[in-house]
1. Residue by residue through segment 65-102, note down the ones that are assigned to a helix (DSSP H, G or I) and of a type in the set (D, E, K, R).
2. Looking at (1) surrounded by fewer than 20 Cβ atoms within 10 Å (Cβ to Cβ); (2) farther than 16 Å from Glu184 by Cα, find the lone condition where Leu170 falls short.
3. Of the numbered conditions (1) crowded, with 16+ Cβ neighbours inside 10 Å; (2) under 20 Å from Asp283 (Cβ atoms), Arg254 fails exactly one; give the number of that condition.
4. Counting only residues that are aliphatic (A, V, I, L, M) and in contact with a strand residue (DSSP E or B) (Cβ under 9 Å, 6 or more places away or on another chain), which one in segment 81-121 is nearest to Glu177 (Cα to Cα)?
5. Residue pairs, Cβ under 8 Å, 6 or more apart or interchain, first in segment 98-127 and within 21 Å of Asp280 (Cα to Cα) and in contact (Cβ under 8 Å) with a residue 12 or more places away in the chain, second part of a strand (DSSP E or B) and open to solvent by 20 Å² or more (accessible area, probe 1.4 Å). List them.
6. Please go through segment 299-315 and pick out each residue that is open to solvent by 20 Å² or more (accessible area, probe 1.4 Å) and at pLDDT 95 or above.
7. Applying the selection to segment 204-224, what residues are open to solvent by 30 Å² or more (accessible area, probe 1.4 Å) and in a helix (DSSP H, G or I)?
8. Report, by residue number, each residue of segment 295-350 that is among the charged types (D, E, K, R) and without any contact (Cβ under 8 Å) to a residue 60 or more places away in the chain.
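The values are calculated or read from the model by the stated rules, or taken from the named source; none is laboratory data. None of the values given here were measured: they were computed from a predicted structure. Note that we place each Cβ from the backbone using ideal geometry, even for glycine, and neighbour counts take in every protein chain shown. Areas reflect the complete protein model, heavy atoms only, side chains present, ligands, DNA and RNA absent. Shrake-Rupley method; radii C 1.70, N 1.55, O 1.52, S 1.80 Å.
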Amino acid sequence: MTSSRTSLSPITSPIQIALGPTFLSTTMSTKPVIPVILLCALPASGKSESRAFLKSLDPRDLRENFCIGENVQLDDYPYVHMMRQFDLALEKLHQPRIFYKSDLECFRDGFEWGTLIELLNEDYQDLVTRKMTPLEHPTQWLMTRIDRARCILHLRPYFVGMTDEVKAGLAHELDEECAGVIREKNAGIPDTLEGKTVVIEFARGGPEGSNYPIAQPQGYQYSLSLLSRDILSNAAMLYIWVTPEESRRKNQARAKPNGDGSILFHGVPEKVMRDDYGCDDIDYLLRISDRPNTLKVEVAPFHTYYVPVGRFDNRHDLTTFARGDPKTWPQEAVTSIRGAMTAAFTGLLAQFHELHGKH
């Protein structure tokens, strides 16, 4: 499996000179960074392009004005992709699917949204402890992780009851791709998280025309409540705001008929776009929170966390240009995205400073 993750780690770009931040000095800023940013949006909303823009900034600018350090990336998409690969392999082995009714439909069990969060929780803990995963038996490794995540949610595990013959068949079909997941995971674990920002990317939503609150297990309210306390106590959210209609349009535009499963070029099936991403609940959750510019996340038993949110308004497309080489970016487009990103971070940083101390 190939991936097109875009790190926020610094690069040299001509637009650093064009932006000309006034605070820059000859030494790197020592300003603390936000430890965790949840990067959320409907599909095809411009998350990758937003990361590309932030990556293009001078690292001092990024830290001083956005409180973002060198990026460490987590994403639930590789697991979504592998769930579909498991189903294809099971069909090839003349076994019933377990995750999806078909390649064009939604999860059979909607609580798989929670499974994905538990996998992210484990990935985050592995970053903190610098736990490397050996490459032996890669398919068994992922099957065990998925079963364990489901058990945490009090759901029936899928793989433990399969025959050894079926498990061996799955390993034959998927070991190479699962090994790629392990290699990418290990490569993303830095020597230290000091001065770095862990960006955790995922998308949630609900059916078109949903009433609020969106019924569990769909929507952000459910998934956020499952994030680990270590994540929630250190997190802010950057939300890329587009309409569901624009999300569907851009999803169709980016899909390649023979897509490679990469983040940039995978297309979400139309039924999934309408039944899982026909709307989302970020605006609703912001409106019902008792602190401005935050999501109030209630975690059993009786723990409440406030996650500061910056909404980057991309309803009028500000990001598509950032798919190209930064050297070719029009200055007018750079100025527009810079202004919208600054506006998004203004409220986010104000709340983050108030909740966690002045940076």
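1. Listed by number, the residues that qualify are Arg84, Asp87, Glu91, Lys92.
2. So the condition that Leu170 fails would be (1).
3. The single condition Arg254 does not satisfy is (2).
4. My answer is Met83.
5. Trp113/Phe107
6. Those that are open to solvent by 20 Å² or more (accessible area, probe 1.4 Å) and at pLDDT 95 or above: Thr304, Tyr305, Tyr306, Arg311, Asp313, Arg315.
7. Gln221, the sole residue that qualifies.
8. Answer for segment 295-350, where residues must be among the charged types (D, E, K, R) and without any contact (Cβ under 8 Å) to a residue 60 or more places away in the chain: Lys296, Asp325, Glu332.
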